[in-house]
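Enquirer: Encoded as structure tokens, here's the structure I'll be asking about.
Each value in this text was obtained by applying a stated rule to the coordinates, not by laboratory testing. The structure presented is a predicted model; accordingly, all values stated were derived computationally and were not measured. Reconstructed Cβ throughout: ideal geometry from the backbone, glycine too, with neighbour counts over all protein chains shown.
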Amino acid sequence: VQAQTLWRALQLRLGRFEPDSQVREYVMDDYLVLYLLTPSVIHLLAVRHHRQLAFDVYDFLDAAD
């Protein structure tokens, strides 16, 4: 239930971007890069070392626009 609530909140926030936008990840050596790809620009969301437990979705949702 908590994951579904976070997913809906994330979708609402990302819905403000262009309709063809996609959240993608890229694995590079020991790092994971999370980014938002829109038709006009790429937004870097987070860079994490593989030993970090997870992305803090709450920080992303609470961030200023």
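Enquirer: In nm, to one decimal, how far is the modelled label at residue 49 from the one at residue 5, with both set 7 Å along Cα→Cβ?
Expert: Computed distance between label sites residue 49 and residue 5 equals 3.2 nm.
Enquirer: Which value does Rg/Rh take for region 1-55 over its C-alpha atoms, Rh per Kirkwood? Kindly include the intermediate steps, with their values, before the conclusion.
Expert: Numbers: Rg = 12.6 Å, Rh = 12.4 Å.
Checking Rg against Rh, the ratio lands at 1.02.
Enquirer: Here's a follow-up. Pull up all non-local amide H partners of residue 45: gap of 5 or more, or a different chain, and H-to-H distance under 5 Å with H placed in the peptide plane.
Expert: It is 34, 35, 36, by chain and number.
Enquirer: Any chance you could run the full-extension gain for residue 33 through residue 13? It's 0.36 nm times the residue separation minus the Cα-Cα distance, nm to one decimal. Present the calculation step by step, with values, prior to reporting the outcome.
Expert: Values: separation 20, 0.36 × 20 = 7.20 nm, distance 1.93 nm.
Additional length available on full extension: 5.3 nm.
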